[in-house]
Amino acid sequence: MEKIETAIPGVLLLRPKVFGDDRGFFFESYHQKRFEDLGIAENFVQDNHSRSRRGTVRGLHYQLSHPQAKLCRVIAGEVFDVAVDIRRGSPTFGKWVGAVLSAENQQQIYIPTGFAHGFSVLSETAEFLYKCSDFYYPEDEHGVLWNDSQLKIDWRVREPVISPKDKQFQPLANVAAELLPRYTT
């Protein structure tokens, strides 16, 4: 597994070693010891799988009392995956990084706790898998408005399809400080 640093420390792009031949391919998408060697020592407790159509934007989501680190990948199609640093006091607060994840490139992105997460679907459909370091608690779900004008995220879709819930989130500047995680060194 190759670890690629992004513009925000802690958010990592991961490129697996793929073994392919005329039958297809094989790779380890997760190996606890090898991930620990890369500095990712999360105890993942939940796997999620979503299927979405072209133009869908999901996010930007986070949990506050039960923060979730995420390990994301795509097994069908292509998405643009985004992590936004929402940690109060962070030197990269309000900055975001994005990466194209696809069944073809087989890359993964690791997003530590303290980030809002979302993705957009670039292909006709996409199947998105992600491991979480804590369970999902609906009462603890928070978010940042997907099209926050200060974040200026280019979702790379022409006609975004957004859930009613995601449309109601506030821009990051309007989120109360007590509803944001705190940066710790």
| field | Residue within the range 134-152 that is assigned to a strand (DSSP E or B) and over 23 Å from S65 (Cβ atoms) present | value | no
| When you look at S120, is it among the hydroxyl-bearing types (S, T, Y), closer than 22 Å to L14 by Cβ and surrounded by 19 or more Cβ atoms within 10 Å (Cβ to Cβ), yes or no? | yes
| remark: The condition from (1) touching a strand residue (DSSP E or B) at 6+ places or on another chain (Cβ under 7 Å); (2) buried (at least 17 other Cβ atoms within 10 Å of the Cβ) that D148 misses is numbered (1)
| query | If you check S123 against the conditions, is it of a type in the set (S, T, Y) and closer than 18 Å to A83 by Cα? | reply | no
| task | For the range 32-47, state whether one or more residues are within 16 Å of K131 (Cβ to Cβ), of a type outside the set (V, I, T), surrounded by 13 or more Cβ atoms within 10 Å (Cβ to Cβ) and touching a Gly at 6+ places or on another chain (Cβ under 9 Å). | result | no
| query | Would a scan of the range 114-125 turn up a residue that is within 13 Å of the chain's Cα centre (by Cα), on the phi > 0 side of the Ramachandran plot and either in a strand (DSSP E or B) or among the acidic types (D, E) (or both)? | reply | no
| request: Would you confirm whether any residue within the range 4-12 is of a type in the set (S, T, N, Q) and either without any contact (Cβ under 8 Å) to a residue 40 or more places away in the chain or more than 20 Å from F128 (Cα to Cα) (or both)? | output: yes
| Residues of the range 22-47 classified as more than 12 Å from A69 (Cα to Cα), of a type in the set (A, V, I, L, M, F, W, C) and part of a loop (DSSP other than H, G, I, E, B), total | 2
| remark: Just one listed residue, out of A173, A99, is in a strand (DSSP E or B) and among the aliphatic types (A, V, I, L, M), and it is A99
| field | Identity of the residue in the range 78-108, of a type in the set (S, T, N, Q) and farther than 22 Å from Y183 by Cβ, that ends up nearest to the chain's Cα centre (by Cα) | value | Q108
| Criterion: buried (at least 19 other Cβ atoms within 10 Å of the Cβ) and touching a Leu at 6+ places or on another chain (Cβ under 9 Å) - qualifying residue of V57, V79 | V79
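We did not get these values from a lab; they are worked out from the coordinates using the rules stated. Treat the numbers as computed from the prediction; the structure is a model and nothing was measured. Counting neighbours? That spans all protein chains shown, and the Cβs are built from the backbone with ideal geometry, glycine included.
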